[in-house]
Each structure stands twice: as C-alpha cells, then as structure tokens.
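Notes to accompany the following structure.
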Amino acid sequence: MLFKDHFGCIVCTIVMFVLGAAMALVGLLCAGDPLTYAGFMRSWGTAFVFNTIAALLFPVASWAERFCRLCKTKPGTIGYQLANTLIMNGVFVTFVTVCMMTVNVGFGKMFWPAFFGLYPILFVLGYIVSFLVGIPAAKIAMKIVGGRTEEGA
C-alpha cells in the first residue's frame, strides 16, 4: 500500500532497510544470542521481508495521514513527522515483532512473555530509527524522483 508511487517506494525501502537492521541487532542482543554475521544477516533479511509484506498488506500511509489530520499537524513540521512516525512505527514494528517471534520462538506458551519482553524495546528503538531515517530518506527520494511526490512520479 505504501508503494503506490516511486517516492513512497524509495522512502519506505530506505527506512525498512535501516529499521530491519536495527531490529535484528537489538533483537539478537536482547535474546542473548551470539552476534554473528550469519545470525545478523538472517535476522535482518527476515525483518526486511516482513516489513515489506506489511507495507504491501496495510494502507499505513493513509492511516498515518488521517492521524496527522486528526492531530491537526501540518506537513513538513516536526509534529507531523512525530505523528506520522507513530502510526507507521506502530504497524511495522508490531507486525515484524509478531512475525519474528513466531519464527524464532514459535506460537506456544513462551510466545507472549517473549513478545512483551522485547516489544517495548523494539517499539522505542523503531520509533527513534524511523523518525531519524525518515527525513533523510525523503530527501534522497526527492532527488531521485526529481522533486515529484505524486503518483506516477
């Protein structure tokens, strides 16, 4: 749903790339797993795939836009970016955490304790990463699409 234009595709890909790496690193460290290249790459790749699936399944951009209007924030302001990131992060981090927990822990009696032990950490991390990466990602995307953000740019 976020990929309806080139601009959105580029921004989301950059953010999901960095967010996946951050979630993989922190997830491995919090789980007490050894930080190996293979383990990190597997977790990073899996997180990126789940982020991409979430972007295709959920109309997060329109949800975030509606939330920003509800909060009466104006595009280009820090308030708009904070509100937008809250919704985007809420959907992506929740979806990726649930999927990664299912893959790594399984959906058994340890699922919810593991989820609630790690989710708050990943949510805060994801919010900070998404907020900080979102602004430069939008600038990079603007340069690539020639300043056009409309559909068909």
Problem set entry | Ellipticity estimate at 222 nm from DSSP helix runs (n ≥ 4, -39,500 (n - 2.57)) divided over the chain, nearest 500 | -27500 deg cm²/dmol
Problem set entry | Coil-residue trypsin sites (Lys or Arg not before Pro) of segment 1-89, DSSP, other Cβ within 10 Å capped at 12 | LYS72
For this session: Determine, for each peptide in 22-29, 120-127, the mean count of other beta carbons within 10 angstrom over its residues, then list the peptides with the highest first.
Result: 22-29, 120-127
Exercise. Out of every Cα-Cα pair in segment 44-102, what percent are more than 18 Å apart?
Worked result: 38 percent
Exercise. Which whole-number percentage describes the relative contact order of the chain, with Cα contacts under 8 Å and a sequence gap of 6 or more?
Worked result: 38 percent
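Using the heavy atoms of the protein chains alone and a 1.4 angstrom probe, what is the accessible area of segment 1-141 per residue in square angstrom?
Working: 7500 Å² over 141 residues.
Counting only protein heavy atoms, the per-residue value for segment 1-141 is 53 Å².
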Exercise. For the chain, what is the Kirkwood estimate of the hydrodynamic radius, computed as the reciprocal of the mean inverse distance between distinct Cα atoms, to one decimal in Å?
Worked result: 16.0 Å
For this session: Quote the charge dipole size of the chain about the Cα centre in Debye, to the nearest 20; the model charges only the Cβ of Lys and Arg (+1) and of Asp and Glu (-1).
Result: 260 debye
Exercise. Among the lysines in the chain, how many pairs, 8 or more places apart or on different chains, have alpha carbons under 25 Å apart?
Worked result: 7
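The values are calculated or read from the model by the stated rules, or taken from the named source; none is laboratory data. Predicted model only: the values in this text are computed from it and were never measured. Backbone-built Cβ (ideal geometry, glycine too); neighbour counts: all protein chains shown. Note: areas computed on protein heavy atoms with side chains; ligands, DNA, RNA excluded. Shrake-Rupley method; radii C 1.70, N 1.55, O 1.52, S 1.80 Å.
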